[in-house]
Structure formats: structure tokens, C-alpha cells
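*Asks:* Dropping a structure here in C-alpha cells format, bear with me for questions.
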Amino acid sequence: MKRWFLTLVVACSSTGLTCTAWAAEAEKAAAAPAVLPGTQPLDWQGDIASRLVDGVDRFLLGQIARTAERRQATWKPDTSSPEKYAASLEPARQRLAHILGVRDARVPFEAPELVGTTRTPALVARGKGYQAFAVRWPAFGDVHGEGLLLVPEAKPAADVIAIADASQTPEMFCGMLPGVPPESQAARRLAESGCRVLIPMIINREVSVRKLTNREFLYRPAFEMGRHLIGYEVQKVLAGVDWFTREAEGGDPRIGVIGWGEGGMLALYAAALDGRIDAVCVSGYFGPREGLWQEPLDRNVFGLLERFGDAELVAMIAPRAAVIEAAAGPTFEVPPGTGGGPGRLSTPPPEEIRREFGRIAGLTGPVRHARLELIENAGPPLARGAAALLAALAPGSRLAPPGPAPEVLRKDLALTARHARQMHEIDRHTQWLLSESPYVRAEFIKKLDTSSLDKYVQSAEPYRKFFYDEVIGRFDLERLPFNARTRRAYDNPAWTGYEVVLDVFPDVIAYGVLLVPKDLRPGERRPVVVCQHGLEGRPTDTFLNNHPAYHDFAAKLAERGFITFAPQNLYLFGDRFRTLQRKANPIKKTLFSVITPQHQQIVDWLQTLPMVDPQRIGFYGLSYGGKTAMRVPALVTDYALSICSADFNEWVWKNASTRAPYSYVWTGEYEIFEFDLGHTFNYAEMAALIAPRPFMVERGHFDGVSSDEAVAYEYAKVRHLYAARLRIADRTEIEWFVGPHTINGKGTFAFLHKHLRWPVPSR
């Protein structure tokens, strides 16, 4: 009894409550049900957040595993003739070009330029029956292809573009420098066999830009701008095809493409896109692509597996010739924790290559390739593939045996300077796209009708659909019944906290904590604020222990009388969640493809609760939760308002700039980039999908997310839409405060009270 009394006295003293009031609070806590009415008991043990991430991982892997079957079911070309077959695949080629970023008009040119000076001639080597010249040629914009041109002494038997792996240089590929076995020096062997051979250099995998490989460094901003390093390099190859085609005007051009490793990948994509390529040889690359998420990040192609595996790409080459050489490919790894996206290159087992190759016949039907061959080569790569390519291009020709290496005529091949030029040109083009992107987005969004609120809402719907389907990525799946499981887990004098688990999709749950004020009267319906944590956060961060970024804002709102719900979001556990983005991207999905239906399920469930007003559910998120505040309420229209805290800024610039100190280009958030966002939806355009619902920005002057100038620039467009165009200036605000990356909880709280129509407490 004494111990109980002492505990009561201490509790009363520490809380400032009278013993009578304390006893009343204790009685309320005891009265709170252990399980919310209408739900099942939650009996899960362990870390539910970890369980959530693991479930999404299984879900995405299951979706990937079914991609080949889905592609097969929707692959319906016209096989009545080779001509109709090729024509019927044109939409597929257009889609492939889009996701690879092959979009910029190529620059016509008469012939490649010789690269030399008065001191260093363009003729760099001489081999058996051919000469080698350093050349460059316009590709697109201000970007050039650059490499070597091997010119035979006699009239060429065929024109070939030979592409080495990213670990090799053109000089290695033709034996001018060590690094490639003579049998694999396909470029010079084809030249010795009478072919004219163009050898473009491609960006290497060296780690030299803030712990990123050169390829990943160029990939990141290009991806945000709807381009891709793969597409840029395919454009250089196709510019060579343009030249070869013009050179043969009036004649019968025979054009082939051959490559190993990364070069094999580029050769395959180029031939699938361009019907002028008569034959292709792919070595050290072909196989199932369902493991694309494990390859280096610069190979990530948004939506690739939705329509294309390697078998589909080869099927797009029919009826032209395609030689697949199952040879050892390059090996490479970016380990976790090194700054870049983890990934590795390895050679698929022979049985997997055979299985993928076997799918081709079912895709082409009666239409056959002029030559379709799988060569299993356990020896040096390209030793047999080059011979098969030559036979397809020039029947009766035989590949010359490896002869002596060419005589190098230049002391300084200037390879470092050449690579630096190519890096600079590609980066400069992407940065130019970034500078032009506001005008592209303005043109894209111009169909919004601001003549009335009703017309505005109606005109926004096609944009909302585009945002969901083409940018975020929508799973065409019915959500499961809620199957709500709850348990009382937290008690406070002002509120009771319930853990909540809801089913969303198979293996996918929504999880969070609901704070219910204790002064709720029977039959009363109150507004809800969904309080979203940031990167590596937990629901408890928003209401326990006064976290310096959150300041218990969910609890403080509950103390003001709001019901609050703090969801567990996916961005937790480092590489475990970042690889979810890697798995989602190839199936045309993102993290928000899962987060959005999770939130829709949460809102739908909240609307069923008897104490919730379904028309007054708001969203308030910090940091990564602020990213969620821009995307989810734009799609989940049941949210009555949205507050973006510590994240709103000129988002496209932050993702694509290689100059800005705030840029994500150099950080460890390799999952952050969203394909083609730069030409569709920056934060102002996302806010336009939230309008005419209330929208607010909370910005600390010393928040390292961005600069005040960038935040103000982007928000000015939002303010103009609300105030000048829609004439609803009172529905949008920005609060600036002197502080860092944190919840301020002053102007935003007033905004919530105003727009969720809940009185400000008198105390």
C-alpha cells in the first residue's frame, strides 16, 4: 500500500496533476479497449517495420517473376509476312526508344572528322590490309561519337560497328594496346577480312566522380531527364549507321553491329531499334533480365521488363540476322556502402541462356530470322561470333585468323583526354536539358483549365492518371480487404496509441500507430492528421521522446484534439529499401507504387472509424515524408490537404544538377531518381494535382535540403496558381522560420486548425 501511494504521489508531482485528476486519467486508460472495435487482435511479435519491408520485397520479386509470362501473353505482332511483322513492331520500337532515352534528333553529317593536329596525325595505326584513323562524328545536340575507324585497302565487304566492353578501349579491341586476347580482337579481325569498321569508345566503369563509377555519374541526372547513358551511346552507334547508309546510297549497304559485354548490350538495343542494321552479334551479354536489379545501376531501365526481355529484343530484329554468342562476359562489382548503387556483372549459367534463347521462336512465330544462331563458346569471346556475323553480312567470306598486331604510328593516343571529352559532352547535354525543362513542363501542363474550380478539377484528372501510370507506376491489382488488426500499445494522459496493421496486396501490409484523444465524446467525429516520418524513421519518432526533427508533432496534435495516424513508410533499413526501388523500376514501378496504395488503404480504413470525419483527413510529412506529401495526396484525393515540411524545393534541379551543392547526383540515395520527372512533374506540377485542396510548405532557413532561393522559386509557381489563376489564395501558405531540417509546428498547426475546421485549444 505504501509503495502504491508513493508511486501515486510521484506521478502526481511529475505531471502537475492533482491526485484526483491523476486517478481520473488512470481510469480513462483502464477504460480504453485493448483492441479497437471492429478489428482483430494484433498478436505479431518482433519488428513489424522489418516485416513490412520483407513483404514488399517478396511482392516485387513475385511481380518480376511473372513478367516473361505477361510479355508473352501481350506480344501479338502480325506474322502474316516479314514486312508486316516488322511494321507491326514499330510501337514496341517507339516504346523502347522512349525508355532508353533515344529521343534527341541526330545531327546529319557528311563523314566522320579526322582527329589530329599538326603534331599528332589522325592516322594512328596500320595493320594487315587496313589503316586505323582517330575519328569523331556528330551524334545528337553537341554530343559526338569518338573512336577509331579501320579502313580496308580494298572496297569494303561490309560496314561494321564494333563495340568493346566498358572495361576496354577501341585501341584494345583492335590490338593496338594490350587487354584483349588476339582471338577476341573482333574489330581488327573484321578489318583484316575486308570490312570497314567503326569502333566507338564508350564510358568506362572507373570510379572517379565522388565514389561513383563514371557510368553511374552520367546515368543519374540523365534518368531524371528522361534520358539514359545507354540511349546516349546507342545514339552514337546509330549515327554511325546513318553515315554508313548515306555512304551506300544507290548501292546495297550491308551493315552489321557486334559487341561484347556492355558493347553487346548496346549492339542488341541498336539492332532492335533500327531496321537498317542487317546483322548483329551479341557476345557476353544475352540472358534473362529478371535480375536486372542486381546489375550496375547504370543498366537500370524504367519499365524494361514490362515489354522487353532479351528474347523480345532479338525477336524485334527478325527477319534480320542475329547471332548470340554465349561466352564469358565481363565481371564487375559495386559493393554496398561505397556510395554508388550496389550491383555486379556475372555470366548467366548456360542453361539460363538457352532457356531465354528458346523463347525467341515462340515470339516470332512463322517469321524467321535470316540467320538466328546460338553459339556456345567456352573459349575467348567473339572468336566464333565474329565469323558468324561476317558470314551473315558477306556470305562466302571467311574471318581472317588472328594475325600480327597493327603498327602503332602515334606515341600519344590521348585516351584520357578523349574520355574526358566524352564525359563532358554527355554531362553538358543533360544539363542543357535541365535548363530547358521548365519550358517543357509548362508546355506539358498547359491543358489545365483554370477558368473555374470545377473545370480545373476535371482537367487535372488526365494529368493525375498520367502521373500515376507513367511516373509513379500503378499496380493493376485490387486491394485486399482491410483485415484490420490492432492493439493498445501506448498510453498518455491525453491520448491512447494503437498499433494498426492492414492488408494491402498479397505480402504487402500497411502499418502505423493511431493516437486517439481521450476527451473524445460518444458519437463525435473528429479530423485526422496523418503524420509521416522521414528517412530511416519510425512512427514512434513522431510522438515519443521528442526527436529533434519531429518534436512529437503527432502527439502535440493529438493533445490539441486531432486524431493522428503515423504510418510506417518503406524508406527504412538502407540498402534493403533502396533495392526495392531497383526491383520496382524494371517493371515500370517505384517505391511510391507501393506507398500510394498503402496510404489509400489507410485513408479508406480511417473513413470507416466512427470517431473520424471522412471529409477531414489531412497529411503532414517531414523530409522523405515531405516527398510523400507531394506525391501521395496528388493521387489519394481523399486527403483534404497536404503539408510538405523540410523537403519542398526545385526538385528536378536537386536531382539532375551536377553543379548544385544540394544535388543528389553525388549522394548515397541512389534510389531517389524518377524517370523523366524533369519533363513532366516538378514540385509545382505535383502541387497542381493537390489543388484546389489546401497546400502548405514549412521551410527552415537553415535546412540543408535546398536554398531559400530554390524553395521560393518553386513555391512562387504554386502561389501563382492558387492566388492568381484559381483565386483561392487563402488555401496555400509557406512558413519560413529560423531553424534547420525540422518540424516547426506553428504556422502548420494553425493551417490544420483552419482547413480541417477544428477549434484551437484555449489553453
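The values are calculated or read from the model by the stated rules, or taken from the named source; none is laboratory data. Small disclaimer: the values here were computed from a predicted structure and weren't measured. Positions of Cβ are backbone-derived with ideal geometry, glycine not excepted, and every protein chain shown enters the neighbour counts. For accessibility, only protein heavy atoms count, side chains too; no ligands or nucleic acids. Shrake-Rupley method; radii C 1.70, N 1.55, O 1.52, S 1.80 Å.
*Asks:* Would you work out which of Asn569, Gln615, Val197 lies farthest towards the positive end of the dipole of the chain, given +1 charges on the beta-carbon of Lys and Arg and -1 on that of Asp and Glu, about the Cα centre?
*Replies:* Result: Gln615.
*Asks:* Next question. Rounded to a whole number, what is D in µm²/s for the chain from Stokes-Einstein with the Kirkwood radius over alpha-carbon pairs (20 °C, 1.002 mPa s)?
*Replies:* For these conditions, the coefficient is 75 µm²/s.
*Asks:* Would you mind putting 722-732, 523-533 in packing order, based on average other-beta-carbon counts within 10 Å, highest first? Each step should come with its number before you reach the end.
*Replies:* Working: 722-732: 15.7, 523-533: 23.0.
Highest to lowest by the protection proxy: 523-533, 722-732.
*Asks:* Just going by the charge dipole of segment 695-763, with Lys and Arg at +1 and Asp and Glu at -1 on Cβ, which of Gly747, Met696, Pro761 is farthest out on the positive end?
*Replies:* Towards the positive end, the residue furthest out is Pro761.
*Asks:* For segment 458-497, which whole-number percentage of the solvent-accessible area (1.4 Å probe, protein heavy atoms only) is attributable to carbon and sulfur atoms? Show your work: numbers first, answer last.
*Replies:* Working: 1070 of 2130 Å².
C and S atoms contribute 50 percent here.
*Asks:* Can you give the local net charge around Leu114? Use residues other than it whose beta-carbon is closer than 13 angstrom to its beta-carbon, Lys and Arg +1, Asp and Glu -1. Could the numbers behind the result be given before it?
*Replies:* On the way: positive: Arg136, Arg410; negative: Glu110, Glu113, Glu146.
Within the 13 Å Cβ shell, the charges total -1.
*Asks:* Let me ask something else about it. If each residue of separation counts as 0.36 nm, what is the full-extension length gain between Arg576 and Glu709 once their alpha-carbon separation is subtracted?
*Replies:* Values: separation 133, 0.36 × 133 = 47.88 nm, distance 3.44 nm.
Between Arg576 and Glu709, full extension yields 44.4 nm more.
*Asks:* Give, rounded to the nearest 20 debye, the magnitude of the charge dipole that segment 439-530 has about its Cα centre when Lys and Arg contribute +1 at Cβ and Asp and Glu contribute -1 at Cβ. Write down the numbers at each step before the final one.
*Replies:* Values: 15 positive and 14 negative charges, 64 e Å.
It comes to approximately 300 debye.
*Asks:* For the chain, take the longest principal axis of its alpha carbons; what is the angle in degrees between that and the long axis of helix 591-606, to the nearest 10 within 0 to 90?
*Replies:* 20 degrees
*Asks:* Right, next: Which entries in Lys455/Lys583; Lys583/Lys746; Lys465/Lys627; Lys446/Lys588 show an alpha-carbon gap greater than 30 Å? Display every interim value, and only then the final one.
*Replies:* Numbers: Lys455/Lys583 38 Å; Lys583/Lys746 40 Å; Lys465/Lys627 19 Å; Lys446/Lys588 26 Å.
As for pairs spanning more than 30 Å Cα to Cα, those are Lys455/Lys583; Lys583/Lys746.
*Asks:* At 1.4 Å probe radius, can you tell me the per residue accessible area of segment 453-501 in Å²?
*Replies:* Details: 2510 Å² over 49 residues.
Accessible surface, normalised per residue, equals 51 Å².
*Asks:* Let me ask another. Segment 664-736 to segment 539-564: how many Å between their Cα centroids?
*Replies:* Between the Cα centre of segment 664-736 and that of segment 539-564, the gap is 24 Å.
*Asks:* Write down the percent of antiparallel bridges among all DSSP beta bridges whose residues are both part of the chain, to the nearest 5. If you can, show how the numbers build up before the last one.
*Replies:* Values: 48 of 97 bridges.
If I count the DSSP bridges inside the chain, around 50 percent turn out antiparallel.
*Asks:* Please find the FRET efficiency linking Leu477 to Arg725, where r is the Cβ-Cβ separation and R0 is fixed at 35 Å, and quote it to the nearest 0.05. Numbers along the way, then the final one.
*Replies:* Working: r = 36 Å, r/R0 = 1.04.
Here the calculated transfer efficiency is 0.45.
*Asks:* Rounding to the nearest 20 debye, state how big the charge dipole of segment 99-196 is about its Cα centre with +1 on each Lys and Arg Cβ and -1 on each Asp and Glu Cβ. Mind dumping the intermediate values first?
*Replies:* Values: 10 positive and 11 negative charges, 43 e Å.
Once rounded to the nearest 20, the dipole reads 200 debye.
*Asks:* While we're looking at this one, here's another question. List the GluC sites (Glu not before Pro) within segment 469-519 that DSSP assigns to loop and that have no more than 10 neighbouring Cβ atoms inside 10 Å. Before the final figure, lay out the partial values.
*Replies:* Details: sites: Glu470, Glu478, Glu499; in loops: Glu478.
Loop-located and lightly packed - Glu478.
*Asks:* Could you give the length gained by full extension between His701 and Phe466, i.e. 0.36 nm per residue of separation minus their alpha carbon distance, to one decimal place? Provide the component values of the computation, followed by the final result.
*Replies:* Values: separation 235, 0.36 × 235 = 84.60 nm, distance 3.39 nm.
Length gained, His701 through Phe466: 81.2 nm.
*Asks:* Send over a whole-number figure in Å² for the accessible area per residue of segment 44-90, probe 1.4 Å. Could the numbers behind the result be given before it?
*Replies:* Values: 2510 Å² over 47 residues.
With all protein chains present, segment 44-90 gives 54 Å² per residue.
*Asks:* In terms of the Cα gyration tensor, with a ≥ b ≥ c the square roots of its eigenvalues, is segment 494-550 rounded because a/c is under 1.5, prolate because a/b exceeds b/c, or oblate? Mind showing how you got there, number by number?
*Replies:* On the way: a/c = 2.44, a/b = 1.17, b/c = 2.09.
Note, shape of segment 494-550 comes out oblate.
*Asks:* Can I ask one more? Take the alpha carbon atoms of segment 457-505, find their center, do the same for segment 325-386, and report the distance between the two centers in whole angstrom.
*Replies:* 41 Å
*Asks:* Filter Lys128/Lys236; Lys236/Lys447; Lys447/Lys556 down to the pairs with a C-alpha to C-alpha distance above 30 Å, please.
*Replies:* On the way: Lys128/Lys236 27 Å; Lys236/Lys447 35 Å; Lys447/Lys556 41 Å.
In this structure, Lys236/Lys447; Lys447/Lys556 exceed 30 Å between Cα atoms.
*Asks:* Could you work out how far the C-alpha centroid of segment 567-604 sits from that of segment 32-90, in angstrom?
*Replies:* A separation of 12 Å, based on Cα centres.
*Asks:* Let me ask something else about it. Cα axis of helix 453-466 to longest principal axis of the chain: angle in degrees, 0 to 90, nearest 10?
*Replies:* For helix 453-466, the angle is close to 50 degrees.
*Asks:* Oh, and also: With a 1.4 Å probe and every protein chain left in place, work out the accessible area per residue of segment 654-763 in Å², rounded to a whole number. Show your work: numbers first, answer last.
*Replies:* Numbers: 4220 Å² over 110 residues.
Here the residues of segment 654-763 average 38 Å² of exposed surface.
*Asks:* Cα axis of helix 415-444 to longest principal axis of the chain: angle in degrees, 0 to 90, nearest 10?
*Replies:* Between helix and principal axis, roughly 50 degrees.
*Asks:* What FRET efficiency comes out for the pair Glu183/Lys155, r = Cβ-Cβ distance, R0 = 22 Å, nearest 0.05? Can you show the working numbers first?
*Replies:* Working: r = 27 Å, r/R0 = 1.21.
That gives a FRET efficiency of 0.25.
*Asks:* Ignoring any ligand, DNA or RNA, what whole percent of the accessible area of segment 133-187 comes from carbon and sulfur when the probe is 1.4 angstrom? Write out the running numbers ahead of the final one.
*Replies:* Values: 950 of 1620 Å².
That share works out to 59 percent.
*Asks:* Here's something else I'd like to know. Amide H to amide H, which residues 5 or more places from Gly343 or on other chains are under 5 Å from it, using H placed in the peptide plane?
*Replies:* Amide H neighbours of Gly343, under 5 Å, 5+ apart: Val334.
*Asks:* What dipole magnitude, in Debye to the nearest 20, does the chain give about its Cα centre under +1 on Lys/Arg Cβ and -1 on Asp/Glu Cβ? Write down the numbers at each step before the final one.
*Replies:* On the way: 89 positive and 87 negative charges, 157 e Å.
The calculated dipole for the chain is roughly 760 debye.
*Asks:* Amide H neighbours of Gly303 under 5 Å, at least 5 residues apart or on other chains, H built in the peptide plane: list them.
*Replies:* Ile587, Lys588, Lys589
*Asks:* Here's a follow-up. Output the peptides 387-394, 57-64, 437-444, 422-429 sorted from most to least packed, where packing is the average of other Cβ atoms within 10 Å over each peptide's residues. Write out the running numbers ahead of the final one.
*Replies:* Details: 387-394: 23.8, 57-64: 17.5, 437-444: 15.2, 422-429: 19.2.
Ranked by mean Cβ neighbours within 10 Å, highest first: 387-394, 422-429, 57-64, 437-444.
*Asks:* A further question follows. Add -39500 (n - 2.57) for each DSSP H run of 4 or more in the chain, then divide by its residues: what number comes out at 222 nm, to the nearest 500 deg cm²/dmol?
*Replies:* On the way: 25 runs with 284 residues, N = 763.
Only helices count here, giving -11500 deg cm²/dmol.
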